[in-house]
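The values are calculated or read from the model by the stated rules, or taken from the named source; none is laboratory data. Predicted model only: the values in this text are computed from it and were never measured. Don't worry about glycine lacking a Cβ; one is built from the backbone with ideal geometry, like all the others, and counts go over all protein chains shown. Only protein heavy atoms, including side chains, enter the accessible area calculation; ligands, DNA and RNA are left aside. Shrake-Rupley method; radii C 1.70, N 1.55, O 1.52, S 1.80 Å.
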Amino acid sequence: MVVIRERNIGIGLLGLGTVGAGVVEILAQKSASYEKNLGFSIELIKILVADSHKTRDIQTNAKITTDFIDLIDDPRIDLIVEAIGGETPALEYIRKAIDSGKHVVTANKEVIAKYGPELIKHAVDNGVGIRFEASVGGGIPILRPLSRDLLANDFNKITTIINGTTNYMLTRMRLQNENYSAALEKSKSLGYAEPDPTADVEGIDAAYKLAILSSLAFKVRVRFEEVYVEGISNLDLADFVYAKELGYVVKLLAIAEKFDDGIQVRVHPSFVPMEHPLAKVNGVQNAIQLSGDLVGSVILEGPGAGKSPTASAIMGDIFEAAEAILEQKKLPPYPFGGNAAKIQHIDLLHSQYYLRIKVKDQPGVMAEISRALGDRDVSLASVIQKDLAVLDGSTEIVVTTHSALEASVRDAIASIRTQDAVIDVFNLIRIEEVIT
Ligand code: NAP
Ligand code: HSE
């Protein structure tokens, strides 16, 4: 016998920070119109927070509690929305929600990158579903399209800007000459950064997202720990100046690329040619460029962080889960998992490179640098030697290379460092090609 249930979905929300507050506000403002359009109502029943005494600038009829079991034991709650972040206690709460037969929607990229396939299986075993659209790309719909609309494709490359905080910072540093700390503070005040922004600026947040994206796109399991990661904290304003002079902008890219003998997954600052579509993606915007065998190149762009865009992605997941609950259908699991991916070491990357070297201003230095590179089949594309008029008798040499093997470039740098006239080798930055 099919039980006809009330057209009402009860939500239990975990977390009332930037994202949680966004969900509360959207529901307060739009519940009536959602009910009209979708034919069911969504009721926020309880909200879990860490500190129930905190002063909050938010109105809600939902009960605010610090007791997770209060949500789990409430039969009116069909669906748990997790917006706490981090692994502990979010992972445990997600598992317990599934155990108790509640669907789960989460914005938590760390938990999904580390435990996504296990949680999906756990949900299937318990007859519920889990969705995590907000975990990648903020408001950009990307995981559902990858799992459905674009599923027919084989992808060979995903080039992305998937951290809003760092793209916002890099844009301000470039266009407003703002310093790193001021740009980070602004990003934190806008609610873009993670509670510990180290995850943003050191590329870890982007690595979580790339692990999720590449697992779904390549239909293998890419583990977060296998992603090669460099953040933006070692960039210097000088790199921005040289980038501009050479016709590039500096972006934190997260790239996954498939080769016959494995997959390369890497997050690092890149020089992106001005004419590249991702070069124009500024501020908190994110963009995901996919190359599929059937569809060709697709670029999805939108706000990658922030209260309303993230809550928008969560609402999309809630609607999908709500329909499955009301129609008593399964929420189909995303094809996230599969066999372990064979990951190619970063040393095997072929790329163009930018290198900034501080040297003593004396004859023959450039020749020695050229020899160290040339001996390893790394050919120079351009050289800039700046007369910085520095007081200490040093000068700065900036070289870009033609496409070369990363291992060779690193070996050349090790050799350059040993030269007497070389004071320091600063950033090695990869140069991204334009793919049309
Ligand atoms: P946030 O502003 O720091 O909010 C975290 C919330 O979780 C707070 O309300 C906090 O309670 C609550 N919380 C923390 N620890 C808890 C615990 N042990 N038990 C119960 N509640 C606890 O974080 P957020 O920016 O909203 O991010 C939440 C999640 O969304 C993270 O996974 C993040 O990566 C993801 N996300 C964020 C964005 C964004 O733009 N911010 C975008 C996409 C995805 P109190 O209020 O009482 O302190
Ligand atoms: N801290 C993250 C970012 C939030 O800046 O992209 C969105 O996932």
Original post:
Residues with amide H under 5 Å of residue 47's amide H, sequence separation 5 or more or different chain, H placed in the peptide plane at 1.01 Å from N; which?
Top reply: 13, 63, 64, 65
Subject >> For residue 281, net neighbour charge (Lys/Arg +1, Asp/Glu -1) across residues whose Cβ lies under 11 Å away >> reply: +1
Subject >> Accessible surface of segment 145-302 [probe 1.4 Å, protein heavy atoms]: carbon and sulfur percent >> reply: 49
Subject >> Heavy-atom surface of the chain, accessible at 1.4 Å and reported per residue (Å²) >> reply: 43
Subject >> Protection proxy ranking of 132-145, 49-62 - average other beta-carbon atoms within 10 Å, highest first >> reply: 132-145, 49-62
Original post:
Can you give me the relative contact order of the chain as a percent, contacts being Cα pairs under 8 Å and 6 or more apart?
Top reply: 16
Original post:
Among the DSSP beta bridges whose two residues both lie in the chain, what percent are antiparallel, rounded to the nearest 5?
Top reply: 65
Subject >> Between segment 1-54 and segment 168-208, the alpha-carbon center distance in angstrom >> reply: 30
Subject >> Expected 222 nm ellipticity per residue - DSSP helices of 4 or more, -39500 (n - 2.57), all of the chain, to 500 >> reply: -10500 deg cm²/dmol
Subject >> Residue-by-residue Karplus 3J(HN,Hα) for segment 311-319, coefficients 6.51, -1.76, 1.60, Hz, glycine and proline x >> reply: 5, 4, 5, 5, 4, x, 5, 4, 4
Original post:
In whole Å, how far is the Cα centre of segment 138-160 from that of segment 273-316?
Top reply: 11
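With a ≥ b ≥ c the root eigenvalues of the C-alpha gyration tensor of segment 145-302, is it rounded (a/c under 1.5), prolate (a/b larger than b/c) or oblate?
It comes out prolate by the Cα gyration axes.
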Original post:
Cα gyration tensor of segment 12-100, axes a ≥ b ≥ c as square roots of the eigenvalues: rounded (a/c below 1.5), prolate (a/b > b/c) or oblate?
Top reply: oblate
Original post:
Order of 258-269, 165-176 by packing, highest average Cβ count within 10 Å first?
Top reply: 165-176, 258-269
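Arrange the peptides 22-29, 86-93, 368-375 so that the one whose residues have, on average, the most other Cβ atoms within 10 Å appears first.
Ranking the peptides 22-29, 86-93, 368-375 by packing returns 22-29, 368-375, 86-93.
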**OP:** State whether segment 347-431 is rounded, prolate or oblate according to the following rule on the C-alpha gyration tensor (a ≥ b ≥ c being the square roots of its eigenvalues): a/c under 1.5 gives rounded; otherwise a/b larger than b/c gives prolate, and the remaining case gives oblate.
**Re:** prolate
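Excluding residue 426 itself, calculate the net charge of residues whose Cβ lies under 10 Å from the Cβ of residue 426, where each Lys or Arg counts +1 and each Asp or Glu counts -1.
Spelling it out: positives minus negatives among the neighbours equals -2.
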Subject >> Rel. contact order, % - alpha carbon contacts under 8 angstrom, at least six apart, segment 145-302 >> reply: 34
Original post:
Hey, how much of the P(r) for the chain falls beyond 33 Å, as a percent of Cα pairs?
Top reply: 40
